[in-house]
Amino acid sequence: MNYEKCMEQIVEFSKKFYKNLDFAHNIEHGERVLKNARKIAKKEDGNLFLIEAGSWLHQFHDNIDEVGKFIKTLDIEDELKNLKLHKM
């Protein structure tokens, strides 16, 4: 898995989505979530890739199929591609 390339793709995909949302859920919102998630990940010793990806993709709760299709295109392990996505 090429972590950097995957994250670039996730950020690009997410930013296209966020730019169509309201002011409270725009790109800056995604960046704030990412910043806080990184702090938690450092303290909890979490999987940084999953945490950063989840931070960017968390707002897709009404677009599970869209994000699921996107995840399948990434160069990541099958176990990550096949994670069950849940609508919150």
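Read the figures in this text as sums done on the coordinates, not as results from a lab. Remember, it's a predicted structure, so these values are computed and weren't measured experimentally. Because the Cβ atoms are built from the backbone with ideal geometry, glycine has one as well, and the counts that use them run over all protein chains shown.
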(message) In whole Hz and in residue order, list the ³J(HN,Hα) couplings for region 65-72 that follow from phi through the Karplus curve 6.51 cos²θ - 1.76 cosθ + 1.60, θ = phi - 60°; x for Gly and Pro.
(response) 4, 4, 5, x, 5, 4, 4, 5
(request) Per DSSP H run of n ≥ 4, the term is -39500 (n - 2.57); total these for the chain, divide by its residue number, and report the mean residue ellipticity at 222 nm rounded to 500 deg cm²/dmol. (result) -20500 deg cm²/dmol
(message) Less than 17 Å apart at the alpha-carbon level, and either on another chain or at least 8 residues along: which aspartates and glutamates does that give for K42?
(response) E31, E52
(request) Output ³J(HN,Hα) for region 24-32: one whole-Hz value per residue in order, computed from phi by the Karplus curve 6.51 cos²θ - 1.76 cosθ + 1.60 with θ = phi - 60°, and x for Gly and Pro. (result) 7, 10, 8, 4, 4, 4, x, 5, 5
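Kirkwood Rh, Cα Rg: Rg to Rh for the chain?
Working: Rg = 12.6 Å, Rh = 13.4 Å.
Taking Rh as the inverse mean 1/r over Cα pairs, Rg/Rh reads 0.94.
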(message) Starting from the 7 Å offset along Cα-to-Cβ, what nm value, one decimal, do you get for the label separation of H61 and D22?
(response) 1.3
(request) Provide R38, R32 in ascending order of the number of other Cβ atoms located within 10 Å of each residue's Cβ, fewest first. (result) R32, R38
(request) Distance check, please: which entries in K15/K39; K16/K72; K15/K35; K35/K69 exceed 23 angstrom between their Cα atoms? (result) K35/K69
